[in-house]
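First up is the structure itself, then whatever we jot down about it.
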Amino acid sequence: MGFFIVQTLLAPRYNEQMTPKARKQFAQHWLRSEAALNQIVAAAQLQKSERILEIGPGTGILTRRLLPQAESVVAVEIDRDLCKLLVQKLRSFDNFLLLQGDFLTLDIDAQLASFPAFQNPNKVVANIPYNITGPILEKLLGTISQPAADPFDLIVLLVQKEVAERLYAKPSSRAFGALSVRVQYLAECELICEVPAKAFSPPPKVDSAVVRLRPRRVEPQATEPKWLETLLKLGFSSKRKMLRNNLKSVVECDRLTQLLEQLDVNPQARAEDLSVQQWVALSNLLTDCRPGISAPI
Ligand SMILES: C[S@@+](CC[C@H](N)C(=O)[O-])C[C@H]1O[C@@H](n2cnc3c(N)ncnc32)[C@H](O)[C@@H]1O
């Protein structure tokens, strides 16, 4: 068994040594740094029995390092011309499967139905296109109200540094925001290393960082996850305002003050001062404020 491309490709012939011109439309920046590649692979803590999903293999520079260390690698690449190149480059690996398509819309489980050796990848390792980081995170982790049914064991991603900072930010820090709460509700997040723009060709306008996400099997439980999502939207709607002002359409100031004190939170706190656990606790205490629920007598 070699590798498979789901759609038949007609593309220019590539010399394996040449690096294809990066296409802006697909946010292509080729990683050049051996040090960064080594850190990504080490962060994935691979076992030979593991199945990897890679998003955007590009020229295959990371894929080539993953293949000898895992049972299988399935990679999703949108650029048809690159798929042609990858097929040529990685033809000697029989544990590689290439799917051509848009990661965001591709039904990967359905595509893998006829390839048992590649089904149910348990880790994700990728240098992703930065322009779709949010939707990729959502597809991998799900949302607070709809977490991934069968979460990955580990996700290692190279992302824009500014996004990375938000993912692992601590409460009350500059970077802590609604994205931090949403993602940290679903996964433990840690910084592995920073990667300067010059580590890529062509260099992106921003620096990057490798992050490791460990999806939680038992997440901090919100009794009404949709309500928590609504509260986060309201709470972070105006970053400079105190939380009690941002939430005044759903709860009276006095009651919120009392609840915040009960949670050991300063009543003058802003949304970013609450930890994920405090957000969950607050939403659980405020379930009676949901639209359509009458206030307690
Ligand atoms: C930043 S480059 C990384 C390439 C390679 N992994 C590396 O480290 O050099 C992002 C890759 O994602 C691919 N890509 C962009 N949008 C995609 C999408 N929606 N689905 C799948 N792949 C996509 C690009 O074509 C490109 O190969």
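Some notes on this structure:
- Rounded to the nearest 500, the 222 nm mean residue ellipticity of the chain from helices alone is -8000 deg cm²/dmol, with -39,500 (n - 2.57) taken per DSSP H run of at least 4 residues.
- Here the Kirkwood formula puts the hydrodynamic radius of the chain at 20.8 Å, using every distinct Cα pair.
- Shown here for the stretch 76-141: trypsin sites (Lys or Arg not before Pro) in loop regions (DSSP other than H, G, I, E, B) with at most 13 other Cβ atoms within 10 Å, namely Arg91.
- Each residue of the stretch 82-94 was assigned a 3J(HN,Hα) from its phi angle through the Karplus curve 6.51 cos²θ - 1.76 cosθ + 1.60 (θ = phi - 60°); the sequence is 5, 4, 4, 5, 4, 4, 5, 5, 10, 5, 7, 9, 8 Hz, with glycine and proline shown as x.
- Projecting label points 7 angstrom from Cα along Cα→Cβ for Asn131 and Arg23 puts them 1.1 nm apart.
- Annotation: lysines with alpha-carbon distance below 26 angstrom to Lys24 (same-chain offsets under eight excluded): Lys84, Lys89, Lys139, Lys161, Lys198, Lys205.
- Backbone amide hydrogens, once placed in the peptide plane, bring Trp30 within less than 5 Å of Ser201, excluding anything fewer than 5 places away on its chain.
- Residue (of Thr59, Gln39, Leu259) at the positive-pole extreme of the chain, dipole from beta-carbon charges: Thr59
- Mean Cα-pair separation over length for the chain, i.e. relative contact order, pairs under 8 Å, 6 or more apart, %: 16
Rule-based calculations on the coordinates, nothing more; no lab input. Just so it is clear, the structure is predicted and the values come from calculations on it, not from any experiment. Here the Cβ is made from the backbone with ideal geometry for all residues, glycine too, and neighbour counts use every protein chain on show.
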